[in-house]
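Report on one structure; see the data block that follows.
The values are calculated or read from the model by the stated rules, or taken from the named source; none is laboratory data. These figures come from a predicted structure and were not determined experimentally. Note that we place each Cβ from the backbone using ideal geometry, even for glycine, and neighbour counts take in every protein chain shown. The accessibility values were calculated without ligands, DNA or RNA, using every heavy atom of the protein model including side chains. Shrake-Rupley method; radii C 1.70, N 1.55, O 1.52, S 1.80 Å.
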Amino acid sequence: MSSFVSLLPILFPLAAGLFVLLAKPKREEFFCCVAAGLCVAAVAPLCAVHRPWMHQLSGSLVLLLQADRLSVFFLLLISIACLVTVICSCEYFHAHPRRHIFFGFLFLTLSAMMGLALSGNLVTFYMFFELMTLFSFPLILFQTGERSTQAGFVYLGFSVFGACLVLLGLFLGGEITLRPFARPENSGYSPQQLWAYLLIALGFSCKAGMMPLSNWLPTAHPEAPSPASALLSGIITKTGILGVLRTTYFLFAPAALRGTFPQTVLLSLSIITIFTGSMLAYKEPFLKKRLAFSSVSQLSYLVFGLALMTPAGLCAALFQVFFHACSKLGLFLCAGSYLHGAKARRVDELVGMGQRMPGVTAAFTCFSLSLIGIPPFGGFITKWLLASAALSVGGWLPATGVVILLCSALLTAGYLLPIVSRAYFPGRDFSAQRHDAHWPTLSSLAFLAAVNVLLGTFPAPLEQFFRSVAAMVF
């Protein structure tokens, strides 16, 4: 019975996705909302009674599912994000003849992400990582057309290349990379093992959009449906971060990696990506592409925090995982509402949206302020903790990272605040008819904004939980 319970978080959305794809029910939206809600409701009790599930493939290759505090955090985050995405997708895909394809593959992707969160070793993680890429690939192709097809294959190509780097690292790492995720032994590593770690970290960072493997983000987001973009930026990219986190803190020993060349490479690439992504976003005229470049920058905050390889850096990175997921999920859903309700694609077409779509614009403002790092929103806590963790480490590279974080915050204000100001202050001669999103979408956006404000104002419960995660490996 315990093994069956262990598989339920994966099997339930898998069955839901296959049912929607094959049976094509007439009310996909209702069915998917109920299914996503059940996924959220089921995660907590399933984790409470979870027992490790193991299946030996061959020799030392073992598939292992097990739950720890980090798994619970990602399971809940993934489930709630998918529920919000499904609710907003009901309006976005209303009466679309092929909407069952989107909802079906969304649930298949959810199933693979559940498997990633529950993976107990790198082999299992790699298997679900590949499955997630294959299941999410049709979400980008959904619009059909030459540009969507090209964007989808760019996403697939970069994802496969990143997975190949991980596989090469698995071969080089040998026995270390086959261990279960647990508190690692604090011992030194050979040059070959250090190269194995670097390849694995870079491979997973490709999914998180770290340069030089970030081109898929600004290519895929403008062509994918906005709910798919929300899921990609808000959650799917976080699975790459989860891979870096599991490898750095649960497979290798962070204390033994500090001061080595892989740490220098990761810190350097993350700092470069933070600045370059912000600059590209600042100059981009299309809204979804601007948000995509913003994701390139903001996701590397996570890599920077993890690459510090300290308890404070880990806690700061987990804060960024949570608040960036809330903010960027909300921003892309707002972009979808602008596109669906006002046919607005470019930034200069958002003038007066505070009057035309006041509810969506209020949510967009909240998420923008959080991304910039203005209190009392959650982004402020994240940037404060990241800067504090970097300064406590010392050295010129972490100090450079703090300076770049400040520059990135200013650039983020530069490419988001003008959108907000022109939305609320379009000029005296502006007049437009109000046409806001429907109440399910507005309720979902309000929920994300409320979570951002409340936990940004009262972060103690999150901080206590994240410190307990750090205590698992330090």
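Side notes on the structure shown:
- Residues that are of a type in the set (A, V, I, L, M, F, W, C) and over 16 Å from I272 (Cβ atoms) were ranked within region 387-405; the one that is most open to solvent (accessible area, probe 1.4 Å) is L391.
- S388 vs. criteria under 17 Å from L306 (Cα atoms) and either modelled with pLDDT of 90 or more or assigned to a loop (DSSP other than H, G, I, E, B) (or both): yes
- Count of residues meeting criterion [within 15 Å of L231 (Cβ to Cβ) and at pLDDT 85 or above] in region 141-170: 2
- Contact map, region 92-114: residues that are in contact (Cβ under 8 Å) with a residue 24 or more places away in the chain paired with residues that are of a type in the set (K, R) and part of a helix (DSSP H, G or I), Cβ distance under 8 Å, separation 6+ or inter-chain. Pairs shown: F93/R99.
- Residues of region 185-205 classified as within 27 Å of V154 (Cβ to Cβ) and surrounded by fewer than 24 Cβ atoms within 10 Å (Cβ to Cβ), total: 3
- If you check V84, V160, V154 for being assigned to a helix (DSSP H, G or I), in contact with a Ser or Thr (Cβ under 8 Å, 6 or more places away or on another chain) and open to solvent by 50 Å² or more (accessible area, probe 1.4 Å), only one passes: V160.
- Selected residue (criterion: nearest to P459 (Cα to Cα)) from residues of region 374-386 that are open to solvent by less than 10 Å² (accessible area, probe 1.4 Å) and not hydroxyl-bearing (S, T, Y): G378
- Pairing residues of region 145-158 that are within 13 Å of E130 (Cα to Cα) with residues that are buried (at least 18 other Cβ atoms within 10 Å of the Cβ) and among the polar types (S, T, N, Q), at Cβ distances under 9 Å and at least 6 apart in sequence or on separate chains, gives Y155/T133; Y155/S136; Y155/T219; L156/T133; F158/S214; F158/T219.
- Checked across region 108-124, the condition of being under 20 Å from Q66 (Cβ atoms) and open to solvent by 10 Å² or more (accessible area, probe 1.4 Å) holds for at least one residue.
- Cβ-Cβ under 7 Å pairs, at least 6 apart or on other chains, region 334-358 side at positive phi, far side modelled with pLDDT of 80 or more and crowded, with 20+ Cβ neighbours inside 10 Å: G352/A423
- Per the listing P218, P180, P222, P227, the residue uniquely open to solvent by 60 Å² or more (accessible area, probe 1.4 Å) and not hydroxyl-bearing (S, T, Y) is P180.
- The residue that is least open to solvent (accessible area, probe 1.4 Å), among those in region 349-373 that are closer than 14 Å to S421 by Cβ and not in a helix (DSSP H, G or I), is G352.
Per-residue answers, yes or no, for (1) free of Cβ contacts under 8 Å to residues at least 12 places away in the same chain; (2) within 28 Å of F293 (Cα to Cα); (3) part of a helix (DSSP H, G or I); (4) open to solvent by less than 10 Å² (accessible area, probe 1.4 Å):
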{"residue": "V420", "(1), (2), (3), (4)": "no, yes, yes, no"}
{"residue": "S443", "(1), (2), (3), (4)": "no, yes, yes, no"}
{"residue": "V451", "(1), (2), (3), (4)": "no, yes, yes, no"}
{"residue": "P461", "(1), (2), (3), (4)": "yes, no, yes, no"}
{"residue": "F465", "(1), (2), (3), (4)": "no, no, yes, no"}
